[in-house]
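What follows is a short report on a single structure.
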Amino acid sequence: MMRMLHAAAALLALAFVPAAHAQKEREVSIGLQAAITSIDPHYHNLSPNNSLLLHVFEPLVKRDANQKMVPGLATSWRAIDDLTWEFKLRKGVKFHDGTPFTAEDVVATYKRVPNVPNSPSSFATFTKPIVETRIVDPYTITFKTAAPHVLLPSDLGAVYIVPKAVAEKAATDDFNSGKAAIGTGPYKLVEYVPNQRVVLKANYGYWGGEEPWDKVTFKILTNASARVAALLSGDVQMIETVPTSDIAKLSSDKNFALADKVSNRVIYVHLNQWNDKTVPFVTAKDGKPLEKNPFKDARVRKALSMAINRDAIADRIMEKKAVPASQLLPDFFYGTSKKLKPQKYDPDGAKKLLAEAGYPNGFAMTIHGPNNRYINDDKIAQAIAQFYSRAGIDARVETLPSNVYFTRATKGEFGYMVLGWGTESGEQGSSLRSLLATHDPAKGMGVTNRGRYSNAEFDKQVTEALVTMDDKKREAMIQHAAETAMNDTGLIPIHYEVSTWGTAKGYRYEARTDQYTLATGLKPAK
């Protein structure tokens, strides 16, 4: 009888354990392609960082798997007039340290963003349009802009909120040590070991509902073979960026599952147009300097685009896991033009254009690119060089680790630069503004225009589009601006990546157009 009473008491005690915690101690490990450079959410605007830090911190506006804007720390937003936006904030949200989230935290965060020391890629472009902030009440805030700024909700979706006390005092090192890594997200930071791993634990009581995982370990596996090996061995339960050479093998194995989606990432080329006279790593075929910068001539730029066989790259190099590109986003995104089609491969036509531009015998150049950032990035650069030889251009290839390459490319040290860009806003206007507008950081224009392409007509078109509040009118204007820049070959689009994730049996992942690898999207298969 006593034993039965003890058993009943034990069952009664279990009944009072919250259901969400009753079956805990579930762990999962995920293999990442790229290193995380910082835990400071305002230090380095880099997709791998932004993806991982979204587990710990949150913005006012979030995006779903197709990049549609959805409520985050703001429950709603609206334009009161052309210069004023009102945001209603979510009530009942607490930071990881237990302090309540209010409008004060938003104001302090946005004040911190442009003042983070030594930021290699600042988030300031997202907050720069705001000229005045007013707290109406703890959960209502308004922003004034100097000019109509229709992208403000989208821009603020890129800025993660931290507590006021953290925003006012914390340095980047404080975030990296974990001391200041306090957000409102579904996970808390446990450990950050640069170039090795990031460990998170569940934030029980999270406002958005609890996750199925108690602990998540993100392992940095930059080597593609090592990443696949980790999945095959069970060391990780999911990997991102499955190498194209392994997709067929994994898809035919019942112990694994693949999820893929055409992404928002375009692989493209910027051509150095920093000055009229010289361009780095571009010479006559005998090695002598050219009389002028050939990339300043639209005919040369178009010839270089015509000489690339995009279909061959998509089919052979990318093993059909890419879509030939005509602009900065696939044409199912807002602001893209269906008039723009991928440039047809025409090496003979390229030769004719080069001859018209004064280069009947072509010239010599070095193709620079990263070798560990994008899918098959080194192979893509090698393929382009081979295509160019058929158009009379002597091209050699030099690829570098991404941390070295991007720093030098941003300084204008290369002539021909293979790059990638993921449009996190989910529309083409912000990409045009960043990659093709005349470089003017003070105005937030051309901030990632490494080629320094400049077209006054295009600048006018994209500027007017981005201050037009009517959605239909604005989309037509963005499309027209895209046509202007692409027809002038302001840059050379190559393809859109198809992102592929691999999971072990018993797991499923919701593929995303933004290429983010989120533990929140990884679920038990049943």
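Here are the numbers for the structure shown:
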{"read-out": "Listed residue (115, 186, 511) projecting farthest to the positive dipole end of the chain, Cβ model", "value": "511"}
{"read-out": "Beta bridge orientation in the chain: antiparallel %, DSSP, nearest 5", "value": "75 percent"}
{"read-out": "With DNA, RNA and ligands ignored, accessible area of residue 104 (1.4 Å probe; Å², nearest 10)", "value": "90 Å²"}
{"read-out": "Taking the chain and dividing mean pair separation by its residue count, relative contact order in percent (alpha carbons under 8 Å, at least six apart)", "value": "19 percent"}
{"read-out": "Accessible area (Å², 1.4 Å probe, nearest 10) - residue 373", "value": "30 Å²"}
{"read-out": "Pairwise centroid distance, computed over Cα atoms, of segment 220-276 with segment 408-484, Å", "value": "28 Å"}
{"read-out": "Area accessible to solvent at residue 252, 1.4 Å probe radius, in Å²", "value": "100 Å²"}
{"read-out": "Nitroxide proxy distance, nm - points 7 Å out along Cα→Cβ at residue 472 and residue 356", "value": "3.8 nm"}
{"read-out": "Heavy-atom accessible area ranking, 1.4 Å probe, most first, across 377, 286", "value": "286, 377"}
{"read-out": "Sequence of 389, 434 from largest to smallest accessible area, 1.4 Å probe", "value": "389, 434"}
{"read-out": "Hz values of 3J(HN,Hα) by residue in segment 50-62 - Karplus curve (6.51, -1.76, 1.60), Gly and Pro given as x", "value": "4, 5, 5, 5, 5, 6, 9, 10, 9, x, 5, 10, 9"}
{"read-out": "Residues residue 320 and residue 348, FRET efficiency given R0 of 22 Å [Cβ-Cβ distance, rounded to 0.05]", "value": "0.25"}
{"read-out": "Taking segment 361-448 and dividing mean pair separation by its residue count, relative contact order in percent (alpha carbons under 8 Å, at least six apart)", "value": "28 percent"}
{"read-out": "Given charges at beta-carbon only (K, R positive; D, E negative), |dipole| of the chain in Debye", "value": "580 debye"}
{"read-out": "Listed residues 28, 397 arranged by accessible area, highest first, probe 1.4 Å", "value": "397, 28"}
{"read-out": "Segment 337-486 pair-distance distribution - Cα-Cα, 5 Å bins, rounded %", "value": "2, 9, 14, 16, 18, 18, 14, 7, 3, 0"}
{"read-out": "Spatially near lysine pairs across segment 249-316, Cα under 19 Å, sequence gap of 8 or more or different chains", "value": "8"}
{"read-out": "Kyte-Doolittle mean at least -0.5 and Cα axial length at least 15 Å: DSSP H helices in the chain", "value": "2-15, 377-389"}
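The values are calculated or read from the model by the stated rules, or taken from the named source; none is laboratory data. Note that the structure is a prediction, hence the values are computed from the model and not measured. With ideal geometry, Cβ positions are generated from the backbone for all residues, glycine too; neighbour counts draw on all protein chains shown. Protein only, heavy atoms only, side chains kept; ligands, DNA and RNA dropped before computing areas. Shrake-Rupley method; radii C 1.70, N 1.55, O 1.52, S 1.80 Å.
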